[in-house]
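S.K.: Input: one structure, supplied below.
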Amino acid sequence: MDKLFTVNEANTLLPVLESLLKQAMEGKGTMETIDKELEVLKHKIFLSGGMRVDIIGVSRRKDEREKAIQRIKDAVAEIHSTGVQVKDLDLGLLDFPHMVDGETVLLCWKLGEELRVQHWHGLEEGFAGRKPISSLVKKRDKTENPEKPN
């Protein structure tokens with residue numbers, strides 16, 4: 001993790017990242033649809049002991065699958081090149097490394113949420129350990145302005 005983000009930097013990147021993430025997710029959906037089609041075809045061929053197959057049509061679908069895979073790779077690579085981590089293409093999860101109190105945490109955003117980071121979690125906690133961004137600010141305030149005992 002070389003790049004660290006402020007909350008403002010993450011928020012500024014979100015519109016572009018959202019578009020790239022949608023491209024990757026659409027590509028994944030296309031790939032999965034074609035995989036299911038080919039699996040159904042294989043099963044039909046197996047059950048019938050052989051059959052005539054539209055080789056040109058199957059070849060076209062395989063080409064479409066390869067193009068979808070390339071779209072996924074390109075979109076994910078572009079996201080990664082910014083320093084942002086793609087955590088889950090099914091859910092549309094992105095993590096932005098962020099430093100607080102000398103500790104690296106991850107600012108977390110999920111497709112469909114408002115276009116601003118609202119959650120964070122520790123490196124080992126993952127999506128299930130998401131906390132509101134306001135608790136990160138409180139954590140920072142406690143270390144920057146520790147309460148003095150009377």
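The values are calculated or read from the model by the stated rules, or taken from the named source; none is laboratory data. Please read all numbers here as calculations on a predicted model, not as lab measurements. Positions of Cβ are backbone-derived with ideal geometry, glycine not excepted, and every protein chain shown enters the neighbour counts. SASA here: full protein model, heavy atoms, side chains in, ligands and nucleic acids out. Shrake-Rupley method; radii C 1.70, N 1.55, O 1.52, S 1.80 Å.
S.K.: Among the trypsin sites (Lys or Arg not before Pro) within region 1-107, which fall in a DSSP loop and have no more than 15 other Cβ atoms within 10 Å of their own Cβ?
M.R.: Counting only loop positions with at most 15 other Cβ atoms within 10 Å, the trypsin sites (Lys or Arg not before Pro) in region 1-107 are LYS3, ARG52.
S.K.: For the chain, set up a Gaussian network in which alpha carbons nearer than 10 Å are linked by springs, and say which option among ALA75, ALA128, ALA24 fluctuates the most.
M.R.: ALA128
S.K.: So how strong a dipole does the chain carry about its Cα centre when Lys and Arg Cβ are +1 and Asp and Glu Cβ are -1, to the nearest 20 debye?
M.R.: 400
S.K.: Summing -39500 (n - 2.57) over the DSSP H runs of n ≥ 4 in the chain and dividing by its residue number, what mean residue ellipticity at 222 nm do you reach, to the nearest 500 deg cm²/dmol?
M.R.: -19500 deg cm²/dmol
S.K.: Considering only protein heavy atoms, what per residue accessible area in square angstrom results for region 33-91 with a 1.4 angstrom probe?
M.R.: Per residue, region 33-91 has 75 Å² of solvent-accessible surface.
S.K.: Once the chain is represented by equal point scatterers at the alpha-carbon sites, with solvent omitted, what log10 I(q)/I(0) does the Debye formula produce at q = 0.09, 0.15, 0.18, 0.20 Å⁻¹?
M.R.: Computed log10 I(q)/I(0) values: -0.43, -0.81, -1.00, -1.15.
S.K.: Of the heavy-atom accessible surface of region 1-126 (probe 1.4 angstrom), what whole percent is carbon and sulfur? Walk me through the numbers on the way to the answer.
M.R.: Values: 4040 of 7570 Å².
Answer for region 1-126 is 53 percent, counting heavy atoms of protein chains only.
S.K.: Which is farthest toward the positive dipole end of region 34-140 among TRP120, LEU91, LEU41, measuring Cα position about the Cα centre, with Cβ charges +1 (Lys, Arg) and -1 (Asp, Glu)?
M.R.: LEU41
S.K.: Taking the alpha-carbon centroid of each part, what is the distance from region 40-57 to region 12-28 in angstrom?
M.R.: 36
S.K.: While we're here: Using +1 at the C-beta of Lys and Arg and -1 at the C-beta of Asp and Glu, which of GLY50, ALA24, LEU14 has the Cα lying farthest in the positive direction of the dipole of region 1-78?
M.R.: Of GLY50, ALA24, LEU14, it is GLY50.
S.K.: Same structure again: How large is the dipole of region 15-66 about the Cα centre if only Lys and Arg carry +1 and Asp and Glu carry -1, each at its Cβ, rounded to the nearest 20 debye?
M.R.: Here the size comes out at about 240 debye.
S.K.: Over the chain, what is the relative contact order in whole percent, taking alpha-carbon pairs under 8 Å and six or more residues apart?
M.R.: So the answer I get is 24 percent.
S.K.: What pairs from LYS3/LYS62; LYS62/LYS87; LYS44/LYS87; LYS3/LYS28; LYS3/LYS110; LYS36/LYS87 go past 29 Å between their alpha carbons?
M.R.: In this structure, LYS3/LYS62; LYS44/LYS87 lie more than 29 Å apart at Cα.
S.K.: Rounded to the nearest 0.05, what FRET efficiency is calculated for ARG116 and ILE55 with R0 set to 30 Å and r the Cβ-Cβ distance?
M.R.: The computed FRET efficiency comes out at 0.05.
S.K.: Right, another one. I need the calculated FRET efficiency for the pair LYS42 and LYS73, taking r as the beta carbon distance and R₀ as 25 Å, to the nearest 0.05.
M.R.: After rounding to 0.05, the efficiency reads 0.50.
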